[in-house]
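J.: Below is one structure. I have some questions about it.
The values are calculated or read from the model by the stated rules, or taken from the named source; none is laboratory data. Just so it is clear, the structure is predicted and the values come from calculations on it, not from any experiment. No Cβ is skipped: glycine too gets one built from the backbone with ideal geometry, and neighbour counts run over all protein chains shown. Accessible surface is based on the protein model in full, side chains and every heavy atom, while ligands, DNA and RNA are left aside. Shrake-Rupley method; radii C 1.70, N 1.55, O 1.52, S 1.80 Å.
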Amino acid sequence: MAHEDSQFVDNDALHNDSEDQSANPSGNRPFAVVVQKAMSRRTLLGGSLAMAATSGFLAPKAQMEALAQTFGGTGSLVGFTPVTVAEGAAGGLMPTLAKEYTYQSLIPWGTPIEPGATVEYAGDPVRRPTSEEAALQIGIGHDGMWFFPTGAFRTDNGVFNNPARQNEAGMLCINHEFGRTTHVLGKPLPENIEDVRVMQHVHGVSVVAIELDFFAGWKVVSSPNSRRIHVNSPMRFSGPVAGSKLLDNPAGNAPLGTVNNCGSGPTPWGTYLTCEENFNGYFGASSGFTPTEEQQRYGFTDNGFGYGWHLFDRRFDLSDADFVNERHRFGYIVEIDPNDASQTPVKRTAMGRFKHEAVAIAENTPGGRIAAYMGDDQRFDYCYKYVSDRGWQDAIAAGESPLDKGVLYVAKFNDNGTGEWLRLDMSVPALAARFSGMDELLVHTRIAADIVGATPMDRPEWTTIGKDGTVFWTLTNNSRRTTTNAANPQAPNQDGHIIRTKDADNHLGTTFTWDIYILASTTRNTEGVFTDPDAAYADPDGRLFIGTDGGQPDGLQDQLVVFDTTSANPSPRRLLVGVNGDEITGWTATPDRRFGFVNLQHPGNGDPSATNFPATPDGKTIPRDATLVISRIDRGVVGS
């Protein structure tokens, strides 16, 4: 989901904006050179790849295993009737679903974070939210999310808990990646600090309590843990960079905020990880600006994405010496406790600083150590893995976070279908010669990865893990590629592809095998056509859900497709087609998988003449990002 919101970017090519401009000058051998030599190795990983989300749904493990046995799909894994190209291309004002499915729109931008918290913004083109209202409303740019079941219901007599109803009530954590200034404010640039605060408050994360009303469907309810976390919310740092002078500003300002929250992932211990992606675009320079090596490598420019925050908020002014290190405070994975609003969100610096797209955690490893897989979403950037030093349960029992002490690796792909995880720490002589310590190395993770010789990729985005340990990586596209290789066989790579890797030693090894799962270009001229794979989720039965981000062929809007990964011949089946100008993002589900949650991001690119979703079409109401709750009419497992 790499969008860089600028009034100076062609709206018809948003998925190809800044990621067309590689910030990687390393000269490392690109992945495309690797791919071309390995295309015949489709079966390298061997066998079928039935997959599962590793950490379940954050309920007790035995309970989740019982649920999987009770509610697991039977028969054909992907048995619904796909939306045809003709059906999908004929829509555009409202979503189109497979005939076996229905949907409900939930928490559109501007919904109060809980009933009565503030007024609702319902798409009025004249009166937009104030900064105070925006801080208490669901933000814009719906993206990665996760449902944390609670079984907690609110009644007139208080709250009661019923674990048996965990499929009907919980906390939904949802990212708000970005919003165009014209969409939010109705004008191209902010004119004062109040305008900037509105924009800052629609970014970030929402933590919202929802429950199922059998008469009215899913609804937002009150909870002491519901909250908005935005660009001006308190933050703290942990891991090797915490306390570093590289986070200090002469202004002495406390750490605040998270921004451009793209993909996400749950932890086995019940918290939410939100990923900061294109943070560089919110900075600019009000006076003379000559970028350093590090600023160039992370894509900082004097105008950023055209938000103009730096004109009114000194934190985001690269030329303001009092805030010289503010840029180092963004680009991390942030941990949030969905069930404790008193906990300050934590930026986990041991997992590196780059344009984090999403994160998938494997926990079924020797000793209970966790392995976290992460992509850096820019053309010609890298795939990463973090491995904790000790088992996560042992770490937590000792009062430590398993995300603070571990080893960060970056991937090198070989032509023969093997790969290496290259260590990024001070034990590597070339890195010890370049950096003064781990704090500096991690703040400049991209430069460290350049030095060790990682393989430049075609926009690594989401990761998801199968129950056999296979990791799927979506590579959305790379229209700037001019040469091919084994792992990136097309130049330019307009349509993107999906690769799969499998580590030695059950996720803890430093070697892996890999192959290409599917080239999106091979689906052209078929009923299963899709391009620009982005959001990804593998369910416990072996389905792979892929949301797309980019101009789809044959008149289609962005779409949600489902693969049966137990099949020897991957074939996408179209479950959902979105509305004009949108992107299909995020995925989560209730534990029984009877309800799935997926997002329609930036519908109509904010243009009410393109769509008024989720409102009834009227040509005037401003369209709003929203979550779709989708379910089979017969209440079967979603995706079946």
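J.: For PHE545, all conditions in the list (1) in a loop (DSSP other than H, G, I, E, B); (2) surrounded by fewer than 24 Cβ atoms within 10 Å (Cβ to Cβ) hold save one; what is the number of the exception?
T.: Of (1) in a loop (DSSP other than H, G, I, E, B); (2) surrounded by fewer than 24 Cβ atoms within 10 Å (Cβ to Cβ), only one is false for PHE545: (1).
J.: Do we have ASP468 as of a type outside the set (A, V, I, L, M, F, W, C) and open to solvent by less than 10 Å² (accessible area, probe 1.4 Å) here?
T.: So ASP468 does not fit the description; no.
J.: Considering PRO115, PRO188, PRO129, PRO125, which residue is of a type outside the set (A, V, I, L, M), in a loop (DSSP other than H, G, I, E, B) and touching a Lys or Arg at 6+ places or on another chain (Cβ under 7 Å)?
T.: PRO125
J.: Here's something else I'd like to know. In region 395-437, which residue that is of a type in the set (Asp, Glu) and open to solvent by 40 Å² or more (accessible area, probe 1.4 Å) is farthest from GLY509 (Cα to Cα)?
T.: In this case the residue turns out to be GLU400.
J.: Looking at region 370-404, which of its residues are among the polar types (S, T, N, Q) and more than 16 Å from the chain's Cα centre (by Cα)?
T.: The answer is SER388, GLN393, SER401.
J.: Identify, by number, the condition in (1) surrounded by fewer than 23 Cβ atoms within 10 Å (Cβ to Cβ); (2) in contact with a Gly (Cβ under 9 Å, 6 or more places away or on another chain); (3) not aliphatic (A, V, I, L, M) that ASP320 doesn't meet.
T.: (2)
J.: Which of (1) more than 19 Å from the chain's Cα centre (by Cα); (2) buried (at least 23 other Cβ atoms within 10 Å of the Cβ); (3) under 29 Å from ALA372 (Cβ atoms) is the odd one out, the single condition TYR307 does not satisfy?
T.: Condition (3) is where TYR307 drops out.
J.: For region 368-387, how many residues meet the condition of being small (Gly, Ala, Ser), more than 20 Å from GLY263 (Cβ to Cβ) and touching a strand residue (DSSP E or B) at 6+ places or on another chain (Cβ under 6 Å)?
T.: 0
J.: Only one of these is under 20 Å from GLY308 (Cβ atoms), surrounded by fewer than 18 Cβ atoms within 10 Å (Cβ to Cβ) and in contact (Cβ under 8 Å) with a residue 24 or more places away in the chain: PHE289, PHE283. Name it.
T.: PHE289
J.: Confirm whether GLY619 is in a loop (DSSP other than H, G, I, E, B), surrounded by 24 or more Cβ atoms within 10 Å (Cβ to Cβ) and either of a type in the set (Lys, Arg) or at positive phi (or both).
T.: Criteria not met by GLY619.
J.: On to the next question. Among the residues of region 550-599, count how many are part of a loop (DSSP other than H, G, I, E, B), open to solvent by less than 10 Å² (accessible area, probe 1.4 Å) and polar (S, T, N, Q).
T.: 2
J.: Can I ask one more? Identify, from the list ALA520, ALA589, ALA535, ALA568, the residue that is modelled with pLDDT of 95 or more, of a type in the set (Gly, Ala, Ser) and closer than 23 Å to ALA486 by Cα.
T.: Step by step, each of ALA520, ALA589, ALA535, ALA568 is checked, and only ALA520 is modelled with pLDDT of 95 or more, of a type in the set (Gly, Ala, Ser) and closer than 23 Å to ALA486 by Cα.
J.: Separate question: State whether the residues of region 255-266 include one that is open to solvent by 30 Å² or more (accessible area, probe 1.4 Å) and either within 16 Å of the chain's Cα centre (by Cα) or farther than 30 Å from ILE546 by Cβ (or both).
T.: yes
J.: Which of the residues belonging to region 482-495 are surrounded by fewer than 24 Cβ atoms within 10 Å (Cβ to Cβ), in contact with an Asp or Glu (Cβ under 9 Å, 6 or more places away or on another chain) and more than 14 Å from ALA520 (Cβ to Cβ)?
T.: Within region 482-495, ASN485 is the sole residue that qualifies.
J.: What single numbered condition from (1) open to solvent by less than 10 Å² (accessible area, probe 1.4 Å); (2) within 16 Å of ARG379 (Cα to Cα); (3) outside any strand (DSSP E or B) fails to hold for ASP450?
T.: Every condition holds for ASP450 apart from (1).
J.: Say we look at region 96-120 and pick out the residues that are in contact with a Pro (Cβ under 8 Å, 6 or more places away or on another chain) and touching a residue at least 40 places away in the same chain (Cβ under 8 Å); which of these is most open to solvent (accessible area, probe 1.4 Å)?
T.: Here the residue is TYR103.
J.: Continuing with this model, one more query. Looking at GLU194, GLU168 in this structure, which one is more than 26 Å from ARG329 (Cβ to Cβ), modelled with pLDDT of 95 or more and open to solvent by 20 Å² or more (accessible area, probe 1.4 Å)?
T.: GLU168
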